[in-house]
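A short worksheet on the structure shown next.
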Amino acid sequence: MTSKPALTKRLDGYRKMELGNVWLLPVCMVWVAYFLEYPLGWLSWTSMVPMCGLLLLGGLYWRAKLRLLQGQNQPLAILLPWARSLQWPFAIASAIVCALCLASWITGEFALSLGDRITASIAASLAMLEYVNYYHRQLQHFDHAADWKRLLEGRGFRASQMATDLQRLRQKR
C-alpha cells in the first residue's frame, strides 16, 4: 500500500508532467522542424490538437485525483462527466489524424515536408497512446514498482484509473 505523502507526490508529478507536455511537446516539435529546416503544415498542426487535448485532460484528471486525496471531491465530480463526453470526439480525432498520417506516408500527399510527415506521425501516435492510456488501459509502468512488477509477472496492462472512474460513473446512472 502506498503512503498518502508518496501518493500525493506521485499524483502531483503526473499532473505536472501532463500539463507541462501540453506546451513542451509542440514547442519541441516546432523547434526541431525549424532547426532542420522542415516546414510544418496543416497535417502537423492538426495532429497536435488531439495530442494536446488528451494531455490537458490527463493533467486535469491527475489534478482532480490529487484534490480527491486532499478531501475535495468536487473537481473530480466536475471533470468525469466532461471526460466522458469527450471520449468519442478524442477517439475519432485520434483515429482520423492517424489515418491521415498513414495516408501521407503511402501517397506522399498532405504533408509539406518529410519533417511535417514525421512530426504529424509522432503527434498522432502520441494522441492514440494517450487515448488508450486514459480511456482504456494504463500503458505507463516504469514509474511505480507495483505496476512494473505486475507487467513483468505477465499479468498484463490493468484498466486505467480514469477508465475505472468512468465505469463507476456509468454504474451510478
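The values are calculated or read from the model by the stated rules, or taken from the named source; none is laboratory data. Treat the numbers as computed from the prediction; the structure is a model and nothing was measured. Cβ coordinates were reconstructed from backbone atoms using ideal geometry, including for glycine residues, and neighbour counts include every protein chain displayed. Ligands, DNA and RNA are stripped out before the accessible areas are found, and what is left, the full protein with its side chains, is counted by its heavy atoms. Shrake-Rupley method; radii C 1.70, N 1.55, O 1.52, S 1.80 Å.
Side notes on the structure shown:
- Listed conditions (1) open to solvent by less than 80 Å² (accessible area, probe 1.4 Å); (2) part of a helix (DSSP H, G or I); (3) within 21 Å of S125 (Cα to Cα) are all met by L40, apart from (2).
For every residue, the table says whether it meets (1) in contact with a Cys (Cβ under 8 Å, 6 or more places away or on another chain); (2) open to solvent by 40 Å² or more (accessible area, probe 1.4 Å); (3) at pLDDT 95 or above.
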site: L69; (1), (2), (3): no, yes, no
site: V97; (1), (2), (3): no, no, yes
site: L126; (1), (2), (3): no, yes, yes
site: H141; (1), (2), (3): no, no, no
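- Once the stretch 99-115 is narrowed to residues that are aliphatic (A, V, I, L, M) and part of a helix (DSSP H, G or I), the residue that is most open to solvent (accessible area, probe 1.4 Å) is I106.
- Taking the stretch 21-55 as the range and being out of contact with any Cys (no Cβ under 7 Å at 6 or more places or on another chain) and of a type in the set (S, T, N, Q) as the test, the residues that pass are N21, S44, T46.
- Of all the listed residues (K172, K149), the sole one being modelled with pLDDT under 95, over 24 Å from L80 (Cα atoms) and surrounded by fewer than 19 Cβ atoms within 10 Å (Cβ to Cβ) is K149.
- Qualifying position, being among the small types (G, A, S), more than 21 Å from R10 (Cβ to Cβ) and without any contact (Cβ under 8 Å) to a residue 12 or more places away in the chain, among A93, A123, A127, A77: A77
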